[in-house]
1. Restricting to region 145-161, name every residue that is in contact (Cβ under 8 Å) with a residue 60 or more places away in the chain and surrounded by 20 or more Cβ atoms within 10 Å (Cβ to Cβ).
2. Please determine whether any residue of region 393-400 is modelled with pLDDT of 75 or more and either loosely packed, with under 13 Cβ neighbours inside 10 Å or touching an Asp or Glu at 6+ places or on another chain (Cβ under 7 Å) (or both).
3. For region 259-279, give me each residue that is at pLDDT 90 or above and in contact with a Ser or Thr (Cβ under 8 Å, 6 or more places away or on another chain).
4. Condition (residue is in the same structural domain as residue 117 (by TED's automatic domain parsing) and at pLDDT below 85) applied to region 180-192: is it met by at least one residue?
5. Any residue in region 291-299 that is more than 26 Å from the chain's Cα centre (by Cα), without any contact (Cβ under 8 Å) to a residue 12 or more places away in the chain, in the same structural domain as residue 218 (by TED's automatic domain parsing) and part of a helix (DSSP H, G or I)?
6. What are the pairs with Cβ atoms under 8 angstrom where one residue, in region 84-95, is in the same structural domain as residue 50 (by TED's automatic domain parsing) and the other, located anywhere, is polar (S, T, N, Q) and in a loop (DSSP other than H, G, I, E, B)? Sequence gap at least six, or different chains.
7. Only residues that are at pLDDT below 80 and assigned to a helix (DSSP H, G or I): list them for region 413-430, please.
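The values are calculated or read from the model by the stated rules, or taken from the named source; none is laboratory data. What you see is a predicted model; the values in this text were computed from it and never measured. As a convention, Cβ positions derive from the backbone with ideal geometry for all residues, glycine included, and neighbour counts pool all protein chains shown.
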Amino acid sequence: MNSGNNTCTPDIFRNKKIYMLCLALFVVFMCPMIVYGAESELPKPALYATFWSLIPPIVAIVLALISKEVYSSLAIGLIFGGMLASGFSFEGTMKAVFERGIVSVLSSSYNVGILIFLVILGMIVALMNKTGGSDAFGRWASKRIKTRVGAQLTAILVGCLIFIDDYFNCLTVGSVMRPITDKHQVSRAKLAYLIDATAAPVCIISPISSWAAAVTGFVDGEDGFALFVKAIPFNYYALLTIVMMLIITLWKFDFGPMKVHEENAVKGDLFTTGEEKFEELDRGNNRDGKLIDMLFPIISLIICCVIGMLYTGGIFGGASVVEAFSNCDASVGLSMGSSIALIITLIFYIVRRSLKFTECMDCLPAGFKAMVPAILILTFAWSLKSITDVLGAKEFVAAMMEHSARGMQLLLPAIIFVVAVCLAFSTGTSWGTFGILIPIVAAVFAGKDQ
């Protein structure tokens, strides 16, 4: 482990030097603002609808690739956009960043509704973890699974059922299935693969999830949710990943390092590395929970959110189910439904004495805290998108697309895919990738039928 760290050290220093160079250049650009910035008004930018309108997201992408850190990258991209929008006026930049950016997006009722849903989702997840319902499911499943293939299929099934949030998915499936897969000699590496390969793919194709809320929030306009639902059949990565897991499990088709892990697991070595320190890990929750403690909140959340969206779509005013979903306000529906589900869950746990009232109240801030990273990414990404709108990025991209060759247009999906792969791999965050690329891609294909 130490030798690996030493080998990587020069690369780390080199990346830090490049990152610091970028920051130094950023400071140099800031100096003229401080010296000459006296204009408080923010007129139409002189660089409106030019290539410079794409510079803020490009800066964010480059910094994210270099630093592998998305928060500062988005923030610097936002500030750089404010500089361009204000003509490098210090006061104008501050006004652009906050008035046209952060304050503006947080004043949007749609955006606030999405954030409310995420916060409440975090609270419900914290409550479920506290009750020990996941352990109860593990005990129930262990009595019914008899084979290695059965254990792996159960891990996939549980991962597909827990689709409301990827973090909750990983934590729950991992803690529930670990004793079962250990019993049937499935390697920890294989279990980790099955968990990770179900968490994000299932969440990104589920309309009732934190991922749906995030993606919907990145799409401009009230049709974001409808667009998300329409895109599900075309989410080939997520769908094919699930199919791939089933093929590998049912055909017992392991290859490469995973084959070594599985062969050693059958011999009794679940780790292959010989380091079994993870065996001692425990979530610190010794409650004797019941299966209903995990199932009831999830079912309540789904039902309440669906009813909430149908309500906002006019289902009680005579609209059909399809019309109601098409016309629904996902922000209001999700926040309203999740709020009701949280109240129902609190009452359910308190009445059943699964949790005391004080314990329930302690879980609420813990759930909020768990969602802070998501809230930061959404806020910065929304603000960056707002600034690029001020700079006329949509108009520039639209004009560029009109004059580009059709062959180039056909290659755009592949180019966007490669950029997204590199960005997600470098930063380690799907939501950060969404926040940077979705506004750009939406502008590129706005009004296009292909």
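1. 152, 156 - these are the residues of region 145-161 that are in contact (Cβ under 8 Å) with a residue 60 or more places away in the chain and surrounded by 20 or more Cβ atoms within 10 Å (Cβ to Cβ).
2. There is no residue in region 393-400 that is modelled with pLDDT of 75 or more and either loosely packed, with under 13 Cβ neighbours inside 10 Å or touching an Asp or Glu at 6+ places or on another chain (Cβ under 7 Å) (or both).
3. 260, 261, 262, 264, 265
4. no
5. no
6. 89/40; 91/40; 92/40; 95/40
7. Answer for region 413-430, where residues must be at pLDDT below 80 and assigned to a helix (DSSP H, G or I): 422, 423, 424, 425, 426, 427.
Here is a yes/no grid of residues against (1) of a type in the set (A, V, I, L, M, F, W, C); (2) surrounded by 21 or more Cβ atoms within 10 Å (Cβ to Cβ); (3) at pLDDT below 85:
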residue	(1), (2), (3)
284	no, no, yes
316	yes, no, no
326	no, no, yes
341	yes, yes, no
361	yes, no, no
368	yes, no, no
